Every structure is written in structure tokens, then in C-alpha cells.
1. Return the Rg/Rh value of region 67-145, two decimal places, where both radii are evaluated on C-alpha atoms and Rh is the Kirkwood radius.
2. What's the long-distance tail for region 48-204, i.e. % of Cα pairs beyond 23 Å?
3. Where the centre of each part is set by its Cα atoms, how far does region 68-117 sit from region 138-185, in angstrom?
4. Under 11 Å from the Cβ of residue 100, count the other residues' Cβ atoms, weight Lys and Arg +1, Asp and Glu -1, and hand me the total.
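Each reported figure results from applying straightforward, stated rules to the coordinates on display, with no laboratory input. Just so we're clear, the structure is a prediction, and the values are computed from it rather than from any experiment. So basically every Cβ, Gly included, is an ideal-geometry build from the backbone, and we count neighbours across all protein chains shown.
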Amino acid sequence: MAGGKIRKEKGKPSSQHTPYQGGISFHKSKGQHILKNPLLVDTIVQKSGIKTTDVVLEIGPGTGNLTKKLLEAGKKVIAVEIDPRMVLELNKRFQGTPSSRLTVIQGDVLKTELPYFDICVANIPYQISSPLTFKLLKHQPAFRCAIIMFQREFAMRLVAQPGDKLYCRLTVNTQLHARISHLLKVGRNNFTPPPKLILPWYGLSLKARHEVIKGVGWILRLFTE
């Protein structure tokens with residue numbers, strides 16, 4: 001699937017595939033773009049390589065369309081969401097789910113002390129791409145994989161090579177700790193509201209100290225085993 005594209009399926013979706021939005025209005029200015037394509041959600045979960053014993057950290061769960069699938073795949077989901085409206089919707093949607101399976105944390109992920117997790121999946125606003133990347137790269141104990149959505153401009157800087165126009169300090173610092181490869185591109189119509197740009201998903205494979213940490217992908221996929 002490397003380098004492939006996920007496109008919105010034509011035709012009217014069936015009721016069982018209708019994305020849950022909870023009647024919330026989303027703010028583009030805050031980088032709120034909610035995943036609505038069930039095919040894309042399934043692909044992300046599949047590419048994440050989640051095991052039934054995994055604790056999954058989800059950053060920016062929104063109304064929980066991806067959260068639902070992560071709960072089905074892993075042992076537990078820890079969701080970090082800054083918008084209190086989204087937190088209310090998550091609590092309402094997953095009411096009755098025990099805390100041993102789902103924990104929702106309201107707060108800024110950049111200021112939050114992250115708990116232990118095996119896999120990270122994140123749909124984040126462009127503004128925090130760089131600080132979140134480095135926060136994850138420094139995280140201890142090491143996790144196995146992180147899956148993060150980046151807009152094209154930022155993603156291209158991460159994978160730039162010496163001599164490329166986009167090669168910069170961010171490129172050098174990131175590639176010092178991670179191997180990066182392209183996983184897939186996601187069309188704007190897979191989101192509500194649709195963003196201006198196509199959003200490639202990237203996967204980073206981490207290198208801890210002198211030890212190579214395996215990985216692949218372009219959905220911030222960070223591997224540490």
C-alpha cells in the first residue's frame with residue numbers, strides 16, 4: 001500500500017458507515033479535520049499493526065470514529081483531546097466502556113505527561129507537527145510504533161534528502177533519530193471539514209541512542225522494538 005491513495009468512495013454511504021459527528025461544528029482555524037471515511041479508518045488501524053495486548057495512545061480523537069476501531073483492535077485506548085466539546089462527545093459515545101479499556105484525557109498533548117503506550121495514532125493540527133514529533137521521539141519508555149497525520153508541506157521536509165530544496169534543520173534532527181518512508185496519501189474529502197491540502201500519512205522508525213529501532217511508514221509510524 002506504500003505510496004497508494006485512499007479516496008472517498010462514491011455513492012451514498014450506508015447508515016452503518018455514517019461517521020459520527022455528534023452535531024458538533026468543527027473549526028478549521030484550530031486544525032479540526034475529522035476522519036469520516038471508514039475505509040481510511042480501517043486502513044490506518046491495519047497499517048498500525050496493533051496487537052490485542054497493545055495500549056494505544058490516540059492524539060486528537062475528535063468524535064471517536066477512529067477510537068472505535070482502535071478499541072476493537074487493542075487492549076486499551078488512551079485518548080488525549082484538547083477540545084472539551086469533543087471530550088463530552090467521546091464520553092457520551094463510549095458511555096459504559098470501562099476505564100480499563102478507554103481513558104479520555106482532556107488537555108494539550110504538548111503539556112501532558114504521556115503515559116506508557118505501545119502504539120500512538122494521531123490526527124493533529126499542522127501547528128503542532130514539529131513539537132509533537134520531537135516530544136514523541138524523546139518519549140520514554142520507548143513505544144513500538146506511532147502513526148501520525150502530517151500535511152504535505154511538513155511531511156516533505158521530514159523525508160527530504162541532502163541537496164533537496166526542503167532539506168533543513170528539522171530534516172537533519174528528525175532523521176538522526178528516525179527512518180522515514182511514505183505510507184499513503186489521503187484525499188481531502190476523507191475529512192470533515194475538508195482541509196486545503198492532501199494529507200500524506202508518514203511513518204517514522206526510531207533510532208534510540210545507538211540502537212536501531214525498527215519501523216516503516218508515513219503516518220507517523222514510530223517503531224521502537
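1. Working: Rg = 12.9 Å, Rh = 13.6 Å.
So for region 67-145, dividing Rg by the Kirkwood Rh gives 0.95.
2. Numbers: 4717 of 12246 pairs.
When all Cα pairs of region 48-204 are counted, 39 percent exceed 23 Å.
3. 26 Å
4. Numbers: positive: 75, 76, 101; negative: none.
Cβ neighbours under 11 Å give a net charge of +3.
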